[in-house]
Amino acid sequence: MAMDLDNSISLPPQQKNAATILCCNCGAPIDGTTSAGALCYDCIKLTVDISGGIQREATLHICRDCDRWFSPPNQYLVAAPESRELLALCLRKLRGLNKVRIIDASFIWTEPHSRRVKVKITIQQEAFEGTILQQTFEVEYVVHYQQCPDCAKSYTHNTWRAVVQVRQKVPHKRTFLYLEQLILKHSAHKDTINIKEISDGIDFFFGQQNHAVKFVDFLSSVAPVNVKKSEELISVDIHTSTKSSKFSYSVELVPVCKDDLVALPLKLAKSMGNIAPIALCYRVGTSVNFIDPHTLQIADLSTKEFWHSPFRPLADVQELVEYIVLDIEPLGPNKGRFMLSEATVARASDLGTNDTSYYTRTHLGGVLHPGDSVMGYHLAGTNFNSPEYEALEQSNKQKDALPEVVLVKKFYARKKKSKSRNWRLKRMAKEENEMLPRKQDQEKLERDYEMFLRDVEEDEEFRSGVALYKAQQRQKMEDEMSVAETEETDEGPRIPMEQLLDEFEEMGLEDEE
């Protein structure tokens with residue numbers, strides 16, 4: 001017999017009776033089973049302060065020279081105003097924040113000259129069991145000035161740790177002017193604490209050795225140099241076996257510059273593709289590039305090979321002579337911007353006194369025309385104090401192949417100092433000597449700088465390594481007035497405006513026309 005089962009009956013849940021009590025502070029009814037301290041939520045917010053142990057005032061230190069903020073114990077940080085880095089530094093300065101949970105933090109705008117920084121902070125914390133409070137409060141920071149150790153060293157003598165002494169044994173400063181523009185273009189001098197110019201070079205002082213090594217690597221990547229290192233022991237601690245030293249790096253540039261005439265040693269000329277010993281230096285980069293004006297043969301001389309058998313240039317740009325092109329006939333072969341041509345020239349100083357003319361081959365056939373002026377080296381009847389040139393004169397094979405004239409570059413008639421340039425360069429701020437340079441030395445420096453500016457205008461390849469900036473509007477107006485007042489005109493090439501950079505201000509740089 002089957003047993004019949006009754007259907008299950010669902011019973012409604014019994015409601016729990018909440019124990020309602022009154023708030024001991026304001027008398028509002030609250031749930032006594034969940035309330036803590038017999039206080040309602042509003043009274044808890046009014047009576048409990050979860051930010052009681054957190055500072056409301058603090059101090060920030062900044063170095064006024066480098067604009068870096070001091071982060072204890074001994075670190076200085078770079079932080080822009082109202083940046084995340086500065087906000088993190090402000091929060092680390094407050095005691096008691098590690099006991100609460102930070103929900104939000106932001107800056108409150110203050111006057112820049114007030115030297116005050118205000119931060120609004122929102123925190124959370126459990127006041128009683130099951131009760132979490134959230135509060136927002138403001139913290140005011142007072143900004144004080146404190147000089148960092150790096151800036152203190154820069155204003156103190158003999159605090160450098162490494163020095164890079166750049167030298168070149170040439171009678172002009174054109175190479176250093178070009179090297180200065182390369183350093184400015186790549187900001188390679190940003191770690192220097194002082195730059196001092198001397199008669200035959202420039203000294204760069206650094207506070208750390210690794211900065212000097214980085215600078216030496218940069219020089220090796222842009223110029224053929226020979227580097228020597230020396231170390232001087234300053235002090236030593238016998239208890240901890242620590243020592244303090246100063247490092248000196250001697251960086252010597254090759255004495256061969258652009259547009260210099262060289263007499264290569266015969267053995268070296270054969271190893272460079274059997275190029276003619278009398279060659280012209282047309283470019284100096286990581287290696288020295290030579291060209292034979294009579295055949296357009298090009299050869300490169302690496303830094304290692306040059307310092308293995310160094311030699312001096314036969315003549316430099318200060319010995320150039322002006323010639324007048326009487327006739328020129330292209331021969332056909334081209335190599336880049338060079339065109340081989342046969343030219344008949346005469347010295348400008350001989351015109352009207354004699355009819356002496358010279359026949360020579362040149363690589364400037366693409367830019368020279370009859371009647372143009374050209375600068376070149378006069379070898380006929382000239383005595384050179386060079387053992388390499390004497391060896392060529394004593395050689396029967398090379399003696400007859402020596403040219404009388406070597407043309408270098410086209411000459412543009414200009415004023416002594418052009419004032420109509422629509423561009424200018426930046427110069428590095430260097431330490432000046434206590435004694436002012438003599439008048440003839442100052443004139444020589446100005447002459448070298450003007451020659452460098454003309455090289456920038458005339459050679460596009462040379463100009464590619466220089467940052468050119470647009471001249472200021474006031475300066476251009478003065479230049480236009482000066483040009484209008486004079487009858488002289490410049491025939492030199494002009495730099496197009498699209499190759500010029502906009503003007504900007506940067507610390508540590510000086511403006512030069």
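Tabulated results
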{"quantity": "Residue within segment 173-181 that is more than 15 Å from L253 (Cβ to Cβ), touching a residue at least 40 places away in the same chain (Cβ under 8 Å) and of a type in the set (F, W, Y) present", "calculated": "no"}
{"quantity": "Failed criterion for V251 (all others in (1) without any contact (Cβ under 8 Å) to a residue 40 or more places away in the chain; (2) in contact with a Lys or Arg (Cβ under 8 Å, 6 or more places away or on another chain) hold)", "calculated": "(1)"}
{"quantity": "Residues of segment 200-236 that turn out to be under 21 Å from P149 (Cβ atoms), aliphatic (A, V, I, L, M) and open to solvent by less than 20 Å² (accessible area, probe 1.4 Å), as a count", "calculated": "1"}
{"quantity": "Conditions (1) more than 23 Å from T356 (Cβ to Cβ); (2) in contact with a Pro (Cβ under 8 Å, 6 or more places away or on another chain); (3) among the charged types (D, E, K, R): number failed by K304", "calculated": "(2)"}
{"quantity": "Close pairs from segment 356-368: first without any contact (Cβ under 8 Å) to a residue 12 or more places away in the chain, partner surrounded by fewer than 19 Cβ atoms within 10 Å (Cβ to Cβ) and of a type in the set (A, V, I, L, M, F, W, C), Cβ under 8 Å, at least 6 apart", "calculated": "T356/A346"}
{"quantity": "Residues within segment 123-154 that are surrounded by 11 or more Cβ atoms within 10 Å (Cβ to Cβ) and closer than 25 Å to P72 by Cβ, tallied", "calculated": "17"}
{"quantity": "Check on E197, among the charged types (D, E, K, R), surrounded by fewer than 19 Cβ atoms within 10 Å (Cβ to Cβ) and at negative phi", "calculated": "yes"}
{"quantity": "Near pairs, Cβ below 7 angstrom, 6+ apart or cross-chain, from segment 100-111 (free of Cβ contacts under 8 Å to residues at least 60 places away in the same chain and part of a loop (DSSP other than H, G, I, E, B)) to any residue that is among the charged types (D, E, K, R) and open to solvent by 80 Å² or more (accessible area, probe 1.4 Å)", "calculated": "T110/R116"}
{"quantity": "C257, sole failed condition from (1) assigned to a loop (DSSP other than H, G, I, E, B); (2) within 27 Å of the chain's Cα centre (by Cα); (3) surrounded by 21 or more Cβ atoms within 10 Å (Cβ to Cβ)", "calculated": "(3)"}
{"quantity": "Residue tally, condition hydrophobic (A, V, I, L, M, F, W, C), within 20 Å of K258 (Cα to Cα) and crowded, with 19+ Cβ neighbours inside 10 Å, over segment 369-392", "calculated": "2"}
{"quantity": "Residue check for P277: closer than 21 Å to V408 by Cβ and either in the same structural domain as K304 (by the TED database) or open to solvent by less than 10 Å² (accessible area, probe 1.4 Å) (or both)", "calculated": "yes"}
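The values are calculated or read from the model by the stated rules, or taken from the named source; none is laboratory data. All figures in this text were calculated on a predicted structure; none of them were measured in a lab. We place every Cβ from the backbone using ideal geometry, glycine too, and count neighbours over all the protein chains shown. Note: areas computed on protein heavy atoms with side chains; ligands, DNA, RNA excluded. Shrake-Rupley method; radii C 1.70, N 1.55, O 1.52, S 1.80 Å.
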